[in-house]
Amino acid sequence: MLGLRLAMVDAVGEGIMDKEENRSLEVPEVAISTNGAEELEDRTETVAINIDALSLWYTGVQAIENVSLQIPENQVTALIGPSGCGKSTLLRCINRMNDLIPGVTLDGHIKIHGESIYEKDVDPVAVRRNVGMVFQKPNPFPKSIYENVAFGARINGYKGNMDELVRASLEQAALWDEVSDKLSESGLTLSGGQQQRLCIARAIAVKPEVILMDEPCSALDPIATQRIEDLIRELRSTYTIVIVTHNMQQAARVSDKTAFMLAGEERVGRLVEFSPTQELFTNPSDSRTEDYITGRFG
Amino acid sequence: MSFETTRVTARYRQNLRSNLGGRLIGAVLFLCAFVTVVTTVGIVVILFIEGLSFFAEVSPIEFFTGTKWTPLFTSKGFGVLPLISGTVLIGLGAACVALPLGTLTAIYLSEYATPRIRSVMKPLVEVLSGIPTVVYGYFALTFISPFIKEYLYPEAGPYMAISAIVVVGIMIVPIVASISDDALRAVPRELREAAYGVGASKLEVNTRVVFPAALSGVIASYILAISRAIGETMAVTVAAGARPNLTANPFEAVQTMTAYIVSVSLGDTPHGTIEFKTIFAVGLTLFFMTLVMNIISSRITKRFREVYD
Ligand SMILES: Nc1ncnc2c1ncn2[C@@H]1O[C@H](COP(=O)(O)OP(=O)(O)OP(=O)(O)O)[C@@H](O)[C@H]1O
Ligand SMILES: [Mg+2]
């Protein structure tokens with residue numbers, strides 16, 4: 001158990017180091033500190049997604065209650081918690097994916113860059129263009145690799161050079177080198193890990209501000225997982241990323257902030273703790289968080 | 001020790017028995033499949049033998065290029081084109097009615113209808129295919145044809161292709177709607193969500209992702225429906241009449257290949273005569289027409305379908 005904790009702390013340390021390198025280019029006057037927590041405090045965060053007192057019911061059965069979260073811009077925010085605590089539900093609220101499920105009712109607000117997305121006159125389709133999503137199981141369209149990437153841009157009336165967009169998106173998703181000579185083959189001919197990167201490229205091609213990922217590595221082997229994690233770390237300079245994961249090491253490795261959710265006896269999910277990742281894993285403020293990350297339940 | 005042995009033996013015997021049962025079931029199932037195959041082969045062989053003996057007497061060139069089909073008259077004409085044109089007219093016409101209607105019904109049922117509406121509507125649509133075809137025929141003859149004669153085309157006689165087209169079209173809507181609906185609903189939710197996730201509207205999801213992914217099933221429903229339309233005899237005979245007629249005018253009476261075959265089989269034409277053998281020649285032609293259609297459509301399906309699993 002102790003070993004696991006140490007490993008996680010280690011991973012967090014690495015993550016912070018990465019960021020320090022990035023940051024030191026942008027803001028040279030900030031002294032590089034070996035104390036990650038202090039450094040995170042220093043940063044002035046822009047809130048990208050403001051979730052305010054959100055509750056959701058599936059045909060009358062409450063799934064999450066009163067969740068409030070400020071998700072920072074251009075960072076990776078992880079949602080962790082035991083199965084059934086409402087992580088996916090919360091994530092799918094951010095791009096109004098839950099609208100597609102009949103009988104869902106919702107209370108509270110979500111603002112993305114100040115704009116409330118659950119107002120009456122907001123088009124959920126427009127929200128989803130701005131908030132991309134990567135799913136648990138890789139789900140490329142049964143179309144060519146090229147068409148998979150071009151699809152979103154095409155339906156959104158993209159006027160620029162499609163070939164370039166496809167290439168840039170695949171490059172950003174670290175897939176270009178592997179598929180550049182077979183763009184016309186079906187996306188389904190790729191391996192699971194490649195398919196998931198194709199799905200990331202597909203999301204990127206629409207140029208969203210936010211990318212949501214629901215356990216994007218759970219169907220992948222460790223090597224493919226690592227590639228996706230590397231990718232997530234690269235993408236956070238451009239996108240605000242929210243990732244649901246069951247894998248605490250993964251949360252520790254890739255995320256800047258972590259939200260821990262938990263469902264009580266009545267199976268209604270609530271937010272327990274939301275802190276910088278490193279803090280949450282090394283010095284949780286809630287005893288239930290501590291129990292969960294040390295594997296005592298869940 | 002001895003207890004152990006008996007137990008093992010008993011178990012062994014039981015295995016043998018159930019194995020025997022399994023083999024018996026296998027044999028019965030094989031027999032069923034075999035009967036089907038033998039029947040099909042038998043039909044094809046008889047079609048070929050009788051058809052070829054027809055072509056020994058009438059040249060294929062006359063048969064396939066002649067425009068007069070009067071084998072039962074004293075001045076015999078063995079040109080099958082009028083029957084083919086009648087068949088194609090009814091088949092294509094019915095397809096024009098049923099494919100759009102059936103496809104849209106399927107899309108509505110699978111993508112737009114609430115579960116409650118669906119659970120009522122789908123059986124109702126399927127009931128259409130349970131109505132005896134002769135009822136469709138009389139509906140056409142006593143309702144649609146007089147209506148058309150009265151308001152649209154007064155020159156028409158009592159029989160006309162168009163009213164057969166309409167009823168056959170309606171008759172095959174359930175085939176298209178029901179099978180296409182199944183194919184559309186089989187498209188995984190993940191694919192729809194992927195499309196919604198990049199900002200596709202419902203219409204875009206349906207037309208660009210769901211429909212293409214279901215295409216092989218949809219086309220299968222089309223083939224089945226058109227084959228049914230081509231094979232349909234009763235309603236067509238009642239509504240469109242029994243006059244071989246080389247025309248594209250849907251307001252005239254026509255005769256289809258199947259209608260001709262029935263009229264001769266049920267008539268008093270003596271077996272073995274050249275007049276009687278015409279039905280095998282016509283049947284053989286019909287057989288090749290449907291065969292070619294099936295081959296073409298399976299090519300189309302292979303080329304355009306999007307395999308998603
Ligand atoms: N479509 C739905 N209809 C009804 N109830 C649902 C639906 N989706 C989820 N739920 C319920 O809402 C609760 C939260 O589910 P959710 O999928 O958000 O959990 P999760 O934290 O993502 O779990 P996991 O880690 O297993 O993916 C669960 O009790 C679940 O049964
Ligand atoms: Mg989930």
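Of note:
- About the Cα centre, charge dipole magnitude for region A:2-293 (Lys/Arg +1, Asp/Glu -1 at Cβ), debye: 1100 debye
- Projected onto their three principal axes, the Cα atoms of region A:122-281 cover extents of 49, 41, 30 Å, largest first.
- Bins of 20 Å, starting at 0 and running to the largest distance - Cα pair percent for chain B: 26, 45, 22, 6, 1
- Computed accessible area, B:PHE143, all protein chains, 1.4 angstrom probe, square angstrom: 120 Å²
- Solvent accessible area, Å² - B:LEU203, 1.4 Å probe, full protein context: 110 Å²
- Selection from B:SER145, B:PRO188, B:LEU215, by position along the positive dipole direction of region B:81-304 (Cβ): B:PRO188
- Using only the C-alpha atoms, the convex hull of the protein assembly as shown corresponds to 270 Å³ per residue.
- With the simple spin-label model, which puts each label point 7 Å out from Cα in the Cβ direction, the B:ILE43 to B:LEU31 separation comes to 2.3 nm.
- Top positive-direction residue, dipole computed over the protein assembly as shown with Cβ charges, set A:ILE241, A:ALA252, A:ASN139: A:ASN139
- Inter-site label distance for B:ASP268 and B:LYS68 at 7 Å from Cα along Cβ, in nm: 2.6 nm
- Accessible carbon and sulfur surface of chain B relative to its total accessible area, %, 1.4 Å: 70 percent
- Heavy atoms of B:ASP182: accessible area, 1.4 Å probe, square angstrom to 10: 80 Å²
- Nitroxide proxy distance, nm - points 7 Å out along Cα→Cβ at A:ASN247 and A:SER116: 3.9 nm
- Fully extending the segment from B:LEU246 to B:VAL120 would add 41.0 nm, taking 0.36 nm per residue of separation and subtracting the current Cα-Cα distance.
- Measuring r between the beta carbons of B:LEU52 and A:ALA126 and using R0 = 60 Å, the FRET efficiency lands at 0.35.
- Over region A:2-293, the hull volume per residue, using the convex hull of the C-alpha atoms, is 140 Å³.
- Residues B:VAL292 and A:GLU185, FRET efficiency given R0 of 30 Å [Cβ-Cβ distance, rounded to 0.05]: 0.45
- Using the Cβ-Cβ distance between B:LYS76 and B:GLU190 with R0 = 56 Å, the FRET efficiency computed as 1/(1 + (r/R0)^6) comes to roughly 0.30.
- When A:TRP176, A:TRP57 are compared by accessible area at a 1.4 angstrom probe, the order from most to least is A:TRP57, A:TRP176.
- Residues listed by number, region A:129-149, amide nitrogen under 20 Å from A:ASP163 label point at 7 Å toward C-beta: A:144-149
- Label zone at B:SER201, where the point sits 7 Å out along the Cα-to-Cβ direction: region B:93-127 residues whose backbone N lies under 14 Å: none
- Semi-axes of the equivalent ellipsoid for region B:217-309, Cα gyration tensor, largest first, Å: 32, 17, 11
- Distribution of pairwise C-alpha distances over region A:107-217, 5 Å bins, in %: 2, 13, 22, 22, 17, 11, 7, 4, 1, 0
The values are calculated or read from the model by the stated rules, or taken from the named source; none is laboratory data. Computed from a predicted structure; not experimentally measured. Note that each Cβ is placed from the backbone with ideal geometry, even for glycine, and that neighbours are counted across all protein chains shown. Areas reflect the complete protein model, heavy atoms only, side chains present, ligands, DNA and RNA absent. Shrake-Rupley method; radii C 1.70, N 1.55, O 1.52, S 1.80 Å.
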